[in-house]
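Step one of this worksheet: look at the structure below.
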Amino acid sequence: MRSLRLILSNPRYFGPAWVFTSLNILFGTWAIYIPSVKEDLGINKATLGIAIFFLSLGVFTIFPVASKIINKIGVGRATSVGIVLCCITALFPLIAPGFIGLAIALFLFGATNGFTDISMNTLVTEIEKEDKQKFMSASHGFFSLGGVLAGLGSFLIPVLNNRGLHMLLAVLLVLVVNFIFYKKYHNVVAAPIEKEAFRFKNFKPLMLLGVVSFVVMGSEGAIVDWSGLFLKEVSLAPEAIWGAGFLGFQVFMTLGRFLGDSVSSRIGSIKIVALGSLLSVVGYLLVLTTDMYLAIAGFALTGLGFSVIVPELFRIGGNVKGVESSQGVAFIAGTGYSGFLVGPVILGFIAEQFSLSLSFITLMICSVAVLGATFLLKRKKPV
């Protein structure tokens, strides 16, 4: 918990961590209104899926240019600009008048999310380098905390009875806190790197990191999308329990990320990725028992396993020799969000053609593959 105490006691670290929280407050608030948006616009699941695809497309589209913008204006300034743009675009999907408007709104929301994601991870990487302090995993814990806060915000739905107003309140919360703390990181810039130090031998482990990011972030998105449906259709859980898998996943992911920096300092980045993938495999085995309570415990354990992997991937990617931190982070983020883009499509096809259980068997196999990849990473250390 050292990194958590560091964040809570020092505005220099709390400011960037709150950006992580902010991003998921905004995204989570949109997510809890997806059913009502679908109903009010009169669109079916397939059409909604296409609209959500545009959100992922917006994220993916910004990645090729994000690092250039970040390096040009400075990573601290880019982060503060990014969160303001996220606040603006977060309002659009909830007030879209039709499918086309929704698709455009989600594309813009996705693009600003992607830009801020790269900015904030690069920002933490640079502060870690400068201050010789580790708080990347705990910052991702604050991201998960944002999801929990957004989930708790669902209790406001019947009170407010207005999704636009709900999002506006979330935006105001995000903006006010960021305004208080943004000066603590606004002037941070990326440290200069010696580009000639890069060798092709570093590119291969970076590619391997990208594959791991693709699998893990795709799997995270799949659990968010499919855990409730699994409990409903496979475990035959009552309606009140459908969200328990997602909640357990988020809570234990948050807890794991607050603990991750301390564990990483003790055993190293590659070993913690291996440990996380092993925990996720055990979690999937519990899910596949189909027993309601074991499945919920399995989703929670998988959240604990995944919690430490992505922060370590960003940390490693932002420290590859001869590569600017924003470029390394953008590469990891780009491959990861590619998983978000195609993962649900692949798993949806498997679930439709075969079974939802087979989809989760596929996810478990992917975690086994990540565990295997750590042995290759150990031999090809990228930093």
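The values are calculated or read from the model by the stated rules, or taken from the named source; none is laboratory data. Just so we're clear, the structure is a prediction, and the values are computed from it rather than from any experiment. Cβ placement follows ideal geometry from the backbone for every residue including glycine, while neighbour counts extend to all protein chains displayed. For accessibility, only protein heavy atoms count, side chains too; no ligands or nucleic acids. Shrake-Rupley method; radii C 1.70, N 1.55, O 1.52, S 1.80 Å.
The table for this structure:
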item: Helix runs (DSSP H) in the chain reaching 30 Å along axis by Cα, Kyte-Doolittle at least -1.0; result: 11-32, 45-73, 99-131, 200-233, 244-267, 325-353, 356-379
item: Accessible-area composition of the chain, carbon plus sulfur, in percent [1.4 Å probe]; result: 70
item: Between the stretch 215-261 and the stretch 342-366, the Cα center-to-center distance that results, in Å; result: 15
item: Length added when fully stretched, Val282-Ala46, from 0.36 nm per residue minus Cα-Cα; result: 81.7 nm
item: Charge-dipole axis of the stretch 1-156 as Lys and Arg at +1 and Asp and Glu at -1 on Cβ define it, positive-most pick from Pro64, Phe155, Leu26; result: Pro64
item: Two-site FRET efficiency, Leu169 against Leu358, from Cβ-Cβ distance with R₀ of 35 Å, rounded to 0.05; result: 0.25
item: Accessible area in square angstrom per residue, the chain, 1.4 angstrom probe; result: 43
item: Once the Cα gyration tensor of the stretch 239-281 is diagonalised, semi-axes √(5λ) in Å; result: 26, 12, 4
item: Computed lengthening from Tyr293 to Phe349, 0.36 nm per intervening residue step minus Cα-Cα distance; result: 17.5 nm
item: Relative contact order (%) - criterion: Cα under 8 Å, at least six apart; region: the chain; result: 24
item: Top of Ile70, Ile309, Ile267 by mean-square fluctuation, Gaussian network on the chain, Cα under 10 Å; result: Ile267
item: Three-way shape call for the stretch 29-109 based on the alpha-carbon gyration tensor, with the a/c threshold at 1.5; result: prolate
item: Simple spin-label estimate for Val211 and Lys68 in nanometres, 7 Å along Cα-Cβ; result: 3.0
item: Among Ala31, Ala150, Ala17, residue whose mean-square fluctuation peaks in a GNM of the chain (springs only between Cα atoms under 10 Å); result: Ala31
item: Residues of the stretch 279-300 with amide N under 15 Å of the 7 Å Cα→Cβ point at Glu233; result: none
item: Selected from Ser213, Ser357, Ser139 as most flexible by GNM, with the chain as the system and alpha-carbon contacts under 10 Å; result: Ser357
item: Stretch gain in nm, segment Phe375-Ala240, where the contour uses 0.36 nm per residue and the Cα spacing is subtracted; result: 44.4 nm
item: Backbone N under 17 Å from the Thr61 label point (7 Å along Cα→Cβ), restricted to the stretch 104-133; result: 104-117
item: Relative contact order (%) - the stretch 206-297, alpha-carbon pairs under 8 angstrom, separation at least six; result: 28
item: Violating pairs (Cα-Cα greater than 24 angstrom) within the set Lys134/Lys184; Lys232/Lys271; Lys72/Lys183; Lys129/Lys183; Lys183/Lys271; result: Lys232/Lys271; Lys183/Lys271
item: Förster-model FRET efficiency, 51 Å R0, Leu152 and Ile267, C-beta, rounded to 0.05; result: 0.95
item: Rg in Å to one decimal, and Dmax rounded to a whole Å, for the chain via C-alpha atoms; result: 19.7, 60
item: Dipole axis of the chain (+1 Lys, Arg; -1 Asp, Glu on Cβ), positive-most option in Gly336, Ala46, Phe249; result: Gly336
